[in-house]
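Report on the structure given below.
Read the figures in this text as sums done on the coordinates, not as results from a lab. Computed from a predicted structure; not experimentally measured. Reconstructed Cβ throughout: ideal geometry from the backbone, glycine too, with neighbour counts over all protein chains shown.
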Amino acid sequence: MKSSRIEGFYKFSVEERLKKVAEFAELSEEDEKILSKTGSLPLDIANRMIENVIGTFELPLGIATNFLIDGKDYLIPMVIEEPSVVAAASNAAKMARFKGGFKTSSTGPRMIGQIQVVDTNPYFARLEVLTHRDEIIEKANEQDPMLISLGGGCVDVEARVINTIKGEMLIVHLVVDVRDAMGANAVNTMAEAVAPLIEKITGGRVYLRIISNLAVYRLARAYAIFDKDAIGGEEVVEGILNAYAFALADPFRCATHNKGIMNGISAVTIATGNDFRAIEAGAHAYAAINGYKPLTTYEKDRNGNLVGTIEVPVAVGTVGGSTSVNPVAKVSLKILGVKSADELSRVIAAVGLAQNFAALRALATEGIQRGHMALHARNIAISAGAKGNEIDRVVEILVKEKKIRVDRAREILEKIRQG
């Protein structure tokens, strides 16, 4: 009987692990060859990035064009498997150029480290923590002299009382300027270091000491004015405003609205080697602070043009982590040409707005399926076994028939090959 209990699996070489997995899953030699192939990420580096590596996994890397952000032109690397996303972002950016492209701002790279205190008088303890603010900041900043030398470090201490199923708790926040890093390691280290001091100050007991991905002090903002004539006229403007009103009023629609934003944001986050799960968690949590709402807004200016805005937490880094290890991530940062994590966050916000605008415009005009399914048909054709010029011929028929299915693609392919 097969067992997933493999003693010392982590000690094996990559090749030995792959053999074990192949035996367990009854993989063919061809399957093993597929897993053994790597692209720009060598196995020896991958093996040091995560545990129990047996190979690497590739996704398409595309470039969104036409982006003009704060007067500077950018080519945007995007890693995503979904058709139409890169093309939509490029088209939206092209339309935004009529009125000067995207304008951005940010709050700077500040992250929150949370320290949970129990078994204390929380309201009194809160005041004691605030009284000892400077002492706590000093202790936190002893942990990272390099960050301090770069102008970062712990800059503030907050304390609040929350009511939980286990009773009232004191939650202490360290607000840390992490400069060009994502900041998790620095913030977690500081939170660990000040925990004994906070126990001494409060007379309580500290449990969790960890970063928060709800980065409310690390917001990136962008806006763009879309010329009404460039995007299709007054009717299209009204259609987009109606779509936005729908998302604002209905969380079922809002979830998909915000997912479209994250199509762009996560694609750039992955391309640059950043933690897209943290970005996703932070964005949706931010959207839900006052009831789940869209991360974007839309309105008309006095000339009838559409004005779109976005405000979203974007905790990304340009140093440390995968950004400094993954070769493709390093090249992606070169393509972007950003000089800081703050600039990267603002670019990402602009991409999120562009992606959302493109989706709403499609919904308000021909519908999302027309363009999306035409591109999706290529994946269906390839899944059916089409190669080379066969792919375009199969796609043409699938789109014409509006039957984007693998079984139909196989039938078409068989007829093509029969001549």
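Among 154, 254, what is the fewest-to-most ranking by other Cβ atoms within 10 Å? Walk me through the numbers on the way to the answer.
Working: 154 27, 254 20.
Fewest-to-most Cβ neighbours within 10 Å comes out as 254, 154.
In the range 10-68, what GluC sites (Glu not before Pro) fall in a loop by DSSP, with at most 10 other Cβ atoms inside 10 Å? Let's see the in-between values first.
On the way: sites: 15, 16, 23, 26, 29, 30, 32, 51, 58; in loops: 26, 51, 58.
Answer in residue order: 26, 51.
Please go through the range 4-48 and write out the trypsin sites (Lys or Arg not before Pro) that DSSP classes as loop and that have at most 12 other C-beta atoms within 10 Å.
Numbers: sites: 5, 11, 17, 19, 20, 33, 37, 48; in loops: 5, 37.
Answer in residue order: 5, 37.
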Kindly identify the range 9-49 as rounded, prolate or oblate by the Cα gyration tensor criterion: order the square roots of the eigenvalues as a ≥ b ≥ c, call it rounded if a/c is under 1.5, otherwise compare a/b with b/c, prolate if a/b is larger, else oblate.
oblate
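Please rank 49, 111, fewest neighbouring Cβ atoms within 10 Å first, as an exposure proxy.
Details: 49 14, 111 26.
Starting with the residue having the fewest Cβ neighbours, the order is 49, 111.
Let a ≥ b ≥ c be the square roots of the eigenvalues of the Cα gyration tensor of the range 280-346; is it rounded (a/c under 1.5), or, if not, prolate (a/b larger than b/c) or oblate? It would help to have the intermediate numbers written out before the result.
Values: a/c = 3.81, a/b = 1.70, b/c = 2.25.
Oblate shape, in that a/c is at least 1.5 and b/c is the bigger or equal ratio.
Which trypsin sites (Lys or Arg not before Pro) from the range 270-336 combine a DSSP loop assignment with at most 15 other Cβ atoms within 10 Å? All intermediate terms of the calculation are to be shown ahead of the outcome.
Details: sites: 277, 300, 302, 330, 334; in loops: 302.
When the trypsin sites (Lys or Arg not before Pro) of the range 270-336 are filtered for loop state and at most 15 Cβ neighbours within 10 Å, 302 remain.
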Normalised convex hull volume, the range 264-419, alpha-carbon set, Å³ per residue:
180 Å³
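Quick one: putting +1 on the C-beta of Lys and Arg, -1 on the C-beta of Asp and Glu, what dipole do you get for the range 110-212 around its Cα centre, in Debye to the nearest 20?
280 debye
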Can you compute the radius of gyration and Dmax for the range 59-164, using only the Cα atoms, both in Å?
22.6, 60
Pull up the DSSP beta bridges for the chain and report the antiparallel fraction as a percent, rounded to 5.
95 percent
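Would the range 110-212 count as rounded, prolate or oblate if I go by the C-alpha gyration tensor, calling it rounded below 1.5 in a/c and otherwise prolate when a/b exceeds b/c, oblate otherwise? If you can, show how the numbers build up before the last one.
Details: a/c = 2.31, a/b = 1.80, b/c = 1.28.
The shape class here is prolate.
Can you give me the span-like helices of the chain, meaning DSSP H runs with 15 Å or more of Cα extent along the axis and Kyte-Doolittle mean at or above 0.5?
Helices passing the filter in the chain: 85-96, 184-202, 234-249, 341-364.
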Given Cβ charges of +1 for Lys and Arg and -1 for Asp and Glu, the option among 377, 83, 95 whose Cα lies farthest towards the positive end of the dipole of the chain is 377
Can you give the Kirkwood hydrodynamic radius of the range 1-136 from its Cα pairs, in Å with one decimal?
21.2 Å
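Cβ neighbours within 10 Å, averaged per peptide: list 85-91, 398-404 in order, most packed at the top.
Values: 85-91: 23.1, 398-404: 14.9.
By packing density, highest mean first, the sequence is 85-91, 398-404.
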Helix-derived mean residue ellipticity, 222 nm - over the chain, DSSP H n ≥ 4, -39500 (n - 2.57), to 500:
-15500 deg cm²/dmol
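Expressed as cubic angstrom per residue, what is the convex hull volume of the alpha carbon set of the chain? Working shown, then result.
On the way: hull volume 86.1 nm³, N = 419.
Hull volume normalised by residue count: 205 Å³.
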